[in-house]
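The values are calculated or read from the model by the stated rules, or taken from the named source; none is laboratory data. Given the structure is predicted, the values throughout are model-derived calculations rather than measurements. Don't worry about glycine lacking a Cβ; one is built from the backbone with ideal geometry, like all the others, and counts go over all protein chains shown.
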């Protein structure tokens, strides 16, 4: 049976929860983690903070230098875990098999839900389901999510990374090669910053160039 996979990825999850719960933080560069005066790392950064270069797993002191007006908020893990539980309950409404990968992301298998026989027809039929799921999360949790849709987990993850925040991207089965070719090599699972730099140094900057090697 041809598969239909969603990759659901909450947008700047910890920071978005903090901005939702405290209206004074909305639109501000929020950094969830230890303050820059203490040893620690960033757990999450709002999109406003990311424009300055702040990102998760970065030392808080570094984030503080990059984003001097950043508002540091200590993480509330119990709050995020409860929010994650609520979101997964909403996701369960669409009838998918849920494989939760972390507190803020999950793969949803809709292969048995969408009934079309043609591969790309099945993918297209899942689009209204994805839009409905996104709308439920916005209306009930006041949070946005990005969803990638494809025929397998690898492509679904690439699709969700393609356009964030609040994105919805479908990679068609018949057009997947054309979709992938212009993407930067960093889009490929397992290619981190160091590998990306090495590949760039030898002139490999896109998936197309990788295929040519």
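Which of (1) touching a strand residue (DSSP E or B) at 6+ places or on another chain (Cβ under 7 Å); (2) part of a loop (DSSP other than H, G, I, E, B); (3) closer than 21 Å to residue 157 by Cα does residue 28 not meet, given it meets every other one?
Answer for residue 28: the failing condition is (3).
Could we say that residue 112 is over 19 Å from residue 83 (Cβ atoms) and either at pLDDT below 95 or under 11 Å from the mean Cα position of the chain (by Cα) (or both) here? I'd like the intermediate steps shown before the answer.
Working: over 19 Å from residue 83 (Cβ atoms): yes; either at pLDDT below 95 or under 11 Å from the mean Cα position of the chain (by Cα) (or both): yes.
Judged against the criteria, residue 112 is a match.
Of (1) over 15 Å from the mean Cα position of the chain (by Cα); (2) on the phi < 0 side of the Ramachandran plot; (3) without any contact (Cβ under 8 Å) to a residue 40 or more places away in the chain, residue 95 satisfies all except one. Which?
That leaves (2) as the condition not met.
If you check residue 24 against the conditions, is it under 24 Å from residue 193 (Cα atoms), at pLDDT 95 or above and either within 18 Å of the chain's Cα centre (by Cα) or not assigned by TED's automatic domain parsing to the domain that holds residue 124 (or both)?
Numbers: under 24 Å from residue 193 (Cα atoms): no; at pLDDT 95 or above: yes; either within 18 Å of the chain's Cα centre (by Cα) or not assigned by TED's automatic domain parsing to the domain that holds residue 124 (or both): yes.
No, not satisfied.
Only one of 60, 46, 34 is surrounded by 18 or more Cβ atoms within 10 Å (Cβ to Cβ), more than 30 Å from residue 97 (Cβ to Cβ), outside the structural domain of residue 122 (by TED's automatic domain parsing) and at pLDDT below 95; which?
On the way: 60 fails: at pLDDT below 95; 46 fails: at pLDDT below 95.
Going through 60, 46, 34 in turn, just one is surrounded by 18 or more Cβ atoms within 10 Å (Cβ to Cβ), more than 30 Å from residue 97 (Cβ to Cβ), outside the structural domain of residue 122 (by TED's automatic domain parsing) and at pLDDT below 95: 34.
Filter segment 101-135 down to the residues that are crowded, with 16+ Cβ neighbours inside 10 Å and closer than 22 Å to residue 18 by Cβ and list them by number.
Within segment 101-135, 103, 104, 105, 106, 134 qualify.
Which of the residues spanning segment 170-199 are modelled with pLDDT of 75 or more and part of a helix (DSSP H, G or I)?
176, 177, 178, 179, 180
So, in segment 31-55, of the ones that are within 22 Å of residue 144 (Cα to Cα) and in a strand (DSSP E or B), which residue ends up farthest from the chain's Cα centre (by Cα)? Full working, then the answer.
Within segment 31-55, the first condition is being within 22 Å of residue 144 (Cα to Cα), and the residues that meet it are 31-33, 42-55.
With in a strand (DSSP E or B) added as a condition, the list becomes 31-33, 42-45.
Values: 31: 17, 32: 17, 33: 19, 42: 17, 43: 15, 44: 12, 45: 13 Å.
Taking the candidates together, the pick is 33.
If only one of 77, 58 is over 17 Å from the mean Cα position of the chain (by Cα), within 13 Å of residue 34 (Cα to Cα) and without any contact (Cβ under 8 Å) to a residue 24 or more places away in the chain, which one is it?
Going through 77, 58 in turn, the sole match is 58.
For segment 88-97, give me each residue that is touching a strand residue (DSSP E or B) at 6+ places or on another chain (Cβ under 7 Å) and either closer than 22 Å to residue 17 by Cα or not assigned by TED's automatic domain parsing to the domain that holds residue 165 (or both).
The answer is 88, 91, 92.
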